[in-house]
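Step one of this worksheet: look at the structure below.
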Amino acid sequence: MVAEIICVGTELLLGDIVNTNAQFLSRELAELGVTVLHQHVVGDNPDRLRALVQEAKGRSDLLVFSGGLGPTADDLTKETVAQAFGDTLRFDEAEWQKIVAFFARTGRAPTQNNRKQAMVPVRGRKLPNAHGTAPGAWFEDEAGHAAALLPGVPREMKAMWAEDVRPLLEARQNCTIRSMTLRVLGGESSIASKVAPLFESANPTAAIYCKVGESEIRVTARAATAAEAEAACRARVAEFQKILGDSAYDVDVPGLAHTVVRLLRERGLQAATAESCTGGLVAQLLTEVPGASEVFGYGFVTYAAAAKTRLLGVDPALIDRYNVVSAPVAAAMARGALAASGAGLSVALTGLAGPGGALPGKPVGTVYLAGADARSGRVQVMRLDLGGYRDRGVIRQRAALYALDLLRRMALGLPMEGAVTLKPGQPAPEL
């Protein structure tokens, strides 16, 4: 099945609203095995919308609309699409009573133009909206082309998609479709080059999406039963994991922090953080995960040199000799976080996030990361060169991601690539 997404609204063209609906619909359609050929944004203009609908209908099996279902005179998506599909609209008293009740719950009364929202297809079908006033619509023609009309409000659109449109499309596909998302540390290009042949399969399919410092690989399989589709997904994910190794860190999780919290919980470990340039970002990412309080009790934000000494016990002479942005200080921060918190694992970060503050031999983006393990007394320390990103926020995000990965690897007993391992009490070299 081939589809096009059409988002309606002049406010989208003007940039007043970010078009997150198209992103959501594209990913959902891909998960269903539907190929999206085009995305469009069109203003509230019936002539331009009519021309676009006719053009798209001539080359695609499915048109998915978002927006233009409101009560105002320029909300004409439903009328325009109905005409293109040879259908008409009728007033639905039951939908009108839902609209009246919706307004009553908020202490308001609908106006006459709200009646427009109660118009539904005669030959097609209405799509109930339990989260707003405007019902959606589903149109089909004799040639098998279809159109799904959804509200522009993201919360309403997503609910209607899950409750009504997705089941319709699954039935039309005449199969069961399942997806799994593998999360991988590293950039899209480097990952794709390693696993390129696995993206060539028609079933299961695989697509890669780039994030800051990591990527997602979504694997989608079609089969006669859910069990067969899931098995095909797992087999393909296992192939990716075999090639990508430790950098493929988890499946179907929101992010690395969730994996770290799970691993710490499974192994009965507590973690602590000591942060300078990231200003508590690692602690924030951990505490966004439900249940993090079971494994995370201490997060030290030691932005000033005096704070590193007072809270973490970093020797001022060490700071004077090497500077706060150094491997010896990062290692001392990690050891100090263990001592102050009583945790089993700790990570520490100190660096130059920019835009100013470069030091001789240490440009903006230089970050030192250390991790201490109370079980062995060993410390891993490494230098990160993140200056190529030239953005303070991205440098901090990537540094925090490295810190979470170091926690993950210490919990699993894996070495951190590029890190120097120090024995108990061994001072860190300048890197």
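Quick rundown of the values:
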{"quantity": "Translational diffusion of the range 176-251, µm² s⁻¹ [Kirkwood Rh, Cα pairs; Stokes-Einstein; 10 °C; 1.306 mPa s]", "calculated": "130 µm²/s"}
{"quantity": "Neighbour-limited loop hits for GluC sites (Glu not before Pro), the range 192-265 (at most 10 other Cβ within 10 Å; DSSP other than H, G, I, E, B)", "calculated": "E200"}
{"quantity": "Kirkwood Rh, angstrom, the range 297-382 [1 / mean 1/r, Cα pairs]", "calculated": "12.9 Å"}
{"quantity": "Amide N of the range 330-361 lying under 16 Å from the label point, which is placed 7 angstrom from the Cα of L431 along Cα→Cβ", "calculated": "330-335, 346-352"}
{"quantity": "Links that overshoot a 19 Å alpha carbon limit, given the list K98/K126; K116/K158; K308/K423; K211/K362; K78/K126; K57/K78", "calculated": "K116/K158; K308/K423; K211/K362"}
{"quantity": "L168-R59 pseudo-label distance in nm [points 7 Å out on the Cα-to-Cβ vector]", "calculated": "2.4 nm"}
{"quantity": "Per DSSP, loop trypsin sites (Lys or Arg not before Pro) in the range 332-431 with at most 12 further Cβ within 10 Å", "calculated": "R375, R390"}
{"quantity": "Sparse-neighbour loop sites [GluC sites (Glu not before Pro); the range 81-146; at most 10 other C-beta within 10 Å; DSSP]", "calculated": "E142"}
{"quantity": "Size-normalised alpha-carbon gyration radius of the range 243-366, reference 2.2 N^0.38 Å", "calculated": "1.14"}
{"quantity": "Listed peptides 51-60, 157-166 by packing density, highest first (mean Cβ within 10 Å)", "calculated": "157-166, 51-60"}
{"quantity": "Net length gained if the chain between S190 and A340 were fully extended (0.36 nm per residue, minus Cα distance)", "calculated": "50.0 nm"}
{"quantity": "Residue order, fewest to most surrounding Cβ atoms within 10 angstrom, among S326, S190, S179, S247", "calculated": "S190, S247, S179, S326"}
{"quantity": "Residues L359 and A73, FRET efficiency given R0 of 60 Å [Cβ-Cβ distance, rounded to 0.05]", "calculated": "0.45"}
{"quantity": "Range of Cα positions in the chain per principal axis (Å), largest first", "calculated": "81, 49, 39"}
{"quantity": "Distance between the range 385-404 and the range 66-137 - C-alpha centres, whole angstrom", "calculated": "48 Å"}
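Here, each number is a calculation from the coordinates, and none is a lab measurement. This one's a predicted model, so the numbers in the text were calculated from it and none came from an experiment. Note: ideal-geometry Cβ built from the backbone for every residue, glycine included; neighbour counts use all protein chains shown.
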